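The values are calculated or read from the model by the stated rules, or taken from the named source; none is laboratory data. For clarity, every value in this text was computed on a predicted model and none was experimentally measured. Every residue, glycine among them, receives a Cβ derived from its backbone with ideal geometry; neighbour counts consider all protein chains shown. We work out accessible area using only protein heavy atoms, side chains counted, and drop any ligands, DNA or RNA first. Shrake-Rupley method; radii C 1.70, N 1.55, O 1.52, S 1.80 Å.
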Amino acid sequence: GQNIDQPTEMTATEGAIVQINCTYQTSGFNGLFWYQQHAGEAPTFLSYNVLDGLEEKGRFSSFLSRSKGYSYLLLKELQMKDSASYLCAVREMKPGGYNKLIFGAGTRLAVHP
Amino acid sequence: DSGVTQTPKHLITATGQRVTLRCSPRSGDLSVYWYQQSLDQGLQFLIHYYNGEERAKGNILERFSAQQFPDLHSELNLSSLELGDSALYFCASSVARGVLNTDTQYFGPGTRLTVL
């Protein structure tokens, strides 16, 4: 089966750094995605990890440890516009080779001045 | 702008009615996925079509159905609507048919369905 856990809510201060954690349990891990979703809008793709380590993209970085079933999204130099939900999604390989994408419930981040 | 389009943006209807939501994938993408997002809930996968054929089903109710046409646009049909069907419905598209681990899904702006 599939289980993805991430904190429900977080708050942070403008200009600071915040780390959003995601833990997962899966029988056929085949990659992990992070998406950003502003309220009422479409999720937008942020990052993808399939191997252990850190992937950096500007102010956003994502880390993966497959042995620990753990990922985090690191947001630096926080801006007010970063207030949004951050969705962790795990790709799980099913019998027959099909990859199914399962989303966590999301972490709602509020950035304050 | 992801390049995925969805219409209509908003839809208000009554219980028992039937509606059709439409999605056009990004140019070059052959896969279309449908998701439901209820208030304060995560994205729930409904169904996946690749190049006109159904590839996978998630938690899709029997009252719901979908299809993908030769021009690759997709429609999600919701019938015998209930109050609990009120939600945001997103479609996403990707290049491949679901076996590549690098395949990324790009989401459309969604259709907000309100059932009164």
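The Cα-based radius of gyration and maximum Cα-Cα distance (Dmax) for the stretch B:28-116 are 12.9, 41 Å.
The peptide list B:5-17, A:65-77, B:103-115, put in order of mean Cβ contacts within 10 Å with the highest first, becomes B:103-115, A:65-77, B:5-17. Summarised in one figure, the compactness ratio Rg/Rh of the stretch A:1-92, Cα atoms and Kirkwood Rh, is 0.95.
The Cβ shell under 13 Å around A:VAL50 holds other residues with a net charge of -2, Lys and Arg each +1, Asp and Glu each -1.
Shielding of peptide B:80-89 by partners, expressed as the average count of other chain Cβ atoms within 10 Å per residue Cβ, is 0.
Peptide A:28-40 is shielded by partner chain Cβ atoms: per residue, an average of 2 of them sit within 10 Å of its Cβ. As a quick test, which of the pairs A:LYS57/A:LYS81; A:LYS76/B:LYS57; A:LYS68/A:LYS100; A:LYS81/B:LYS9; B:LYS9/B:LYS57 have an alpha carbon distance above 28 angstrom in this structure? Pairs exceeding the cut-off: A:LYS76/B:LYS57. Ranked from largest to smallest solvent-accessible area, with a 1.4 Å probe on the protein heavy atoms, A:HIS112, A:HIS38 come out as A:HIS112, A:HIS38. The stretch B:51-92 and the stretch A:1-33 have their alpha-carbon centroids 28 Å apart.
Computed over the protein assembly as shown, the P(r) curve from all C-alpha pair distances, binned at 5 Å from the origin, holds 1, 7, 14, 18, 19, 17, 12, 7, 3, 1, 0 percent per bin. Anisotropy class assigned to the stretch A:56-113 is prolate, per the alpha carbon gyration tensor with a/c at or over the 1.5 cut-off and a/b larger than b/c.
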